[in-house]
Each structure stands twice: as C-alpha cells, then as structure tokens.
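Below is one structure, written out as structure tokens, with a few remarks after it.
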Amino acid sequence: MTTPIHIKPAAASASPNTSSIHDHFRSLRRKESAALDHIRQPKILHPIENEDLRLLILENISQEAVQTFKAQGYHVDHHTKAFSEEELIEKIGSYHAIGIRSKTKITKRVLAAASKLLVIGCFCIGTNQVDLDAAAQAGIPVFNSPFSNSRSVAELVVSELVALSRQYFERSFEMRNGIWNKQSKNCWELRGKTLGIVGYGHIGAQLSVLAEAFGMRVLFYDVINIMPLGSARQVESLQVLLSQSDFVTLHVPELPETINMISKRELSQMKKGAYLINNARGRVVDIPALIDALKSKHLAGAAVDVFPFEPAANGAGFDDQLNAWSSELRTIPNVILTPHIGGSTEEAQRMIGDEVSQALSRYLNYGSTIAAVNFPEVDLRAITAEQGTAVRICHVHKNQPGVLRQVNDALSPYNVEKQYSDSKGDIAYLMVDISDVCPADYGKLRERISGTDANILTRFLA
Ligand SMILES: NC(=O)c1ccc[n+]([C@@H]2O[C@H](COP(=O)([O-])OP(=O)(O)OC[C@H]3O[C@@H](n4cnc5c(N)ncnc54)[C@H](O)[C@@H]3O)[C@@H](O)[C@H]2O)c1
C-alpha cells in the first residue's frame, strides 16, 4: 500500500514586519497586473455573417483537436475515414472548414462545390493532396504543420549515430539468429567525433544541440548564413564538411539543386570509415553510388529512412520493382533501413493536431493567414477588449491595381485603426481594423466592399 504524501504548509514569516511589507508589495503587484490585464486583454472576435461555423473533420484527426473546435462553439462533424471525391462533392457545400490528412483529395471539382468553405487544414506535413492554386483562387488558405516532427527526426538521428558507431544493430540482428559475437573492433564512442550536418534548419539545429551534449564537435553546411547554436561552426562548402566529418547527416529539402547532392564524387570526399545518414528526402542521395561506397568499405555504415520510391501502404513492397537496387542495399552490413519513420511519433502527431487546429481557429476567428502555404501571410495585432465597437475586415481579392483605393473609399467615414495587405501571385489579402462602426452599418459596408470588381471573399469579424 502506498503511504499518503502530506504536503507541509508553508512556514510562517519570520517577523510580522517582513510579512506586512511582502503583503504590501504583493497587493501592489496584483493591482498592477489587474490593470495591465484589462488594457491588454484581446477581444474575442466572431464572424458576423456565419455565427454557426460548421467543420468537417476527416481521417481520424486527434480528439484533442476536435475538442478544441467544439469548445469554441463550432459545429463539428468528425469521421475516422477519408472521403472520396464524390462524397466530398455531395457534402462539402454546408461546411466552412475542413480538416484532412493525406488520403482525402481536395480537387478543383471539390472546391467548386465548396460554396461556404473558408479554410482547409492538412493535419500532416505535406499538402500535395490539395489543389493549392485552385484553393487560393477561391480565397481559401491552406494550413499544415511542416515542422512539428523536427524533434522526432533529430532524436532518431542521435540513435542512429550510436547504432552505427557501435554496430549494435548488427549485433542485435545476429543475437536474434542465436549468434553471440562480442567485439569492440571498429566500435566507437561519439564523444570527440565530428558530426557534419548538411542543412541547418529546424531539424539540423535541434540535432546540433543534442550532438554537442554527447561531446561531439558539430560542423554544418547551409546555403544561407545561420547563427550557430552552442559551439557548432558553419563551414564554407559541402566539400569541407564532407572531408572533416566522421558522420554526415542530411537535412535539406528536395529541390532541383539537392537531388543527388550526395553522389559518387561527394562520397569519395568523405573520410574513409565515415558514416552517412539520410533522413531528408530519398532523391538527395544517389543510392547506387552509396552502395558502391559501402561495398568498397570507404564508408563504414549508413542509415537510410527515405527512398526515391516508397511503398504506398504497409506490408511487403520494398523490392526491386520499386527501386532497382533494393535487394542489394538490404544485404550490406551496418546499414540501417527504416520505413520513413523519422517524424513518426505520438508527440509529433499531437503537435500536428495542436498546430493545425490553432491555425484554423486563428483564421476563422481573427483572419490571420500566418503560415498558410498557398496564401499571402497577413496578420494584425489584436483588437483589445476595450475597443468595443471595432470591426475587423478580411478582404481576399485579385491582385490588381486600384483595389486599395476602392476599399479605402468605402472605409473613409470610419477611423482606420490599422491595416495590412500582402499578395502572393494572383491573390492579395487585406486586413483592416476600423473603429466606431455602428452594427447597423455592417451590411451596407460589406456589400460595398464585396461589390468591388476584384473581390474574392470579404468577411467581417467583431
Ligand atoms: N524522415 C522523416 O520522416 C522526415 C520528417 C520531417 C522532415 N523530413 C525532411 O527533412 C528535411 C529537412 O527538414 P527541416 O524541417 O529541417 O527543413 P528546414 O526548411 O527547416 O531546413 C532546411 C535547411 O536546408 C537548407 N538548404 C536548402 N538547400 C540547401 C543546399 N543546397 N545545401 C545546403 N543547405 C540547404 C536551408 O537553407 C535550410 O536551412 C526536409 O527534406 C524534410 O522533408 C523528413
């Protein structure tokens, strides 16, 4: 049986004098903070026209995200499966927002049927499943969560550094086959070794901190100059990084210039006995060249989590039909192969849920498009609670001359507290806060702005 824990009450103050001085300052601080709270308290905005916002949430998106939406008073329809195009076309017309993962495709046809749709949330990393351009043309921003799994990837890399340098992956495999093979030859500590990070973004920077905690010396190469964390050092070229590192790990996006960025020449520039880790994108490494470098023992090992072609579903499928070199790669010792699990953790899934649900709520309630993938990124500081009669106007329009003049003409009877506009391609987005607007004017003003020739979508929040 467990013993109950008794929490001791805080000791009484040493003297009545000290106590009363503390009480005095405490009370002063409370008053100050109450006054500041009042000044800074943001006003909770609500869409004026569509009070009862309806959300369609598909593909088993986290319950926490669903609860967040419900707590804000949205009507939420939650389904665990993906919808087909036809199902979407039939149902989407009554929803203001949709949350999907990678299986639901939001095509041009779906968007044409989405007459009320304001925003799309992709509760995942990629957004290929959405016709981003058509969504933008319809005035619909799309949000995703590209960096919520950075820590998960960085931790996987740390584990791979240890697994490769101690060959324990091999030893474990042997033990599973009943083989006892205790050895220390060519097994190393990480302490004092050099880690070369290619791409010092979200993942590379996290990894840099973790590696230094192991006593590693960290070098990185990036196309932009970045302030190093800890004692890491940026080097001037990929070649310098390759020639000095005991471990090279790749964290660049797939771009025309990063495809096959590690090929025969780069592999030959790596130190003999070094290790290569690729958790970035499959086409960043020329795998046949990597196989040669491993077979010739120029490299001592590699870890590969991403491949040029990856099976669409779990099960058998990682074979030579998919990638011609699969079976050859599978036979090489001290090579760790994982099925694109770098970012696959419970924590990352939870963060995706939090991040995307917050982005959707911020857009629906406050009009902010910060971090939208297909839209100009615009935000305004909050309307405070004491600005009772202020109204926020969110105006998505075609990016053409004369729009701001027309809108500002309509706004001229009111005081414009703040406004900000930006454009991306054909689409522009203007956010304006105006004060002292009588609710009876809302309809007339909205009609005037949405009646301008470049208008795509105009929303009022108050
Ligand atoms: N294995 C997985 O499950 C998994 C999970 C998440 C991300 N990723 C992949 O990891 C990669 C990095 O992700 P991130 O979130 O750190 O991205 P990021 O955008 O934060 O950082 C990428 C960095 O690479 C740099 N870069 C771009 N081109 C370069 C070049 N030619 N040479 C050197 N540096 C270059 C950029 O300047 C940037 O600093 C991406 O390809 C991403 O798709 C994989």
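The values are calculated or read from the model by the stated rules, or taken from the named source; none is laboratory data. Treat the numbers as computed from the prediction; the structure is a model and nothing was measured. With ideal geometry, Cβ positions are generated from the backbone for all residues, glycine too; neighbour counts draw on all protein chains shown.
Before moving on, here are some points about what is shown:
- When residues of the stretch 94-118 are limited to those that are in a helix (DSSP H, G or I) and out of contact with any Lys or Arg (no Cβ under 7 Å at 6 or more places or on another chain), the one surrounded by the most Cβ atoms within 10 Å (Cβ to Cβ): Val110
- Residue selected from the stretch 283-306 under the condition part of a loop (DSSP other than H, G, I, E, B) and touching a strand residue (DSSP E or B) at 6+ places or on another chain (Cβ under 9 Å), by the criterion surrounded by the fewest Cβ atoms within 10 Å (Cβ to Cβ): His298
- Test: Ser268 is away from the ligand (no atom under 16 Å from the Cβ) and not assigned by TED's automatic domain parsing to the domain that holds Gly126: yes
- All conditions in (1) over 17 Å from Ala211 (Cβ atoms); (2) loosely packed, with under 14 Cβ neighbours inside 10 Å hold for Val240, with the sole exception of (2).
- Test result for Pro228, within 28 Å of Pro308 (Cβ to Cβ) and either within 14 Å of the ligand (Cβ to nearest atom) or within 21 Å of the chain's Cα centre (by Cα) (or both): no
- Qualifying positions in the stretch 49-64 - modelled with pLDDT under 95 and in contact with a Leu (Cβ under 9 Å, 6 or more places away or on another chain): Asn50, Leu53
- Within the stretch 189-205, being crowded, with 19+ Cβ neighbours inside 10 Å and of a type in the set (D, E, K, R) holds for one residue alone: Lys193.
- Taken together, the criteria exclude Gly196 from residues that are within 11 Å of the ligand (Cβ to nearest atom) and under 24 Å from Val306 (Cβ atoms).
- Filter pass, Glu254 being of a type in the set (Asp, Glu) and either in a helix (DSSP H, G or I) or near the ligand (Cβ under 9 Å from one of its atoms) (or both): yes
- Of all residues making up the stretch 119-173, the number that are among the aromatic types (Phe, Trp, Tyr), in a loop (DSSP other than H, G, I, E, B) and either away from the ligand (no atom under 16 Å from the Cβ) or farther than 17 Å from Tyr363 by Cβ (or both): 1
- Residue match in the stretch 208-219 (condition: within 13 Å of the ligand (Cβ to nearest atom) and either within 18 Å of Ser150 (Cβ to Cβ) or modelled with pLDDT under 95 (or both)): yes
- Residue match in the stretch 322-329 (condition: of a type in the set (Asp, Glu) and surrounded by 18 or more Cβ atoms within 10 Å (Cβ to Cβ)): no
- Residue match in the stretch 288-307 (condition: away from the ligand (no atom under 16 Å from the Cβ) and modelled with pLDDT under 95): no
- Pro339 being within 16 Å of the ligand (Cβ to nearest atom), exposed (fewer than 15 other Cβ atoms within 10 Å of the Cβ) and farther than 23 Å from Leu190 by Cα: yes
- In a residue-by-residue description of the stretch 350-363, the property of being more than 16 Å from the ligand (Cβ to nearest atom), within 14 Å of the chain's Cα centre (by Cα) and not in a helix (DSSP H, G or I) applies to no position.
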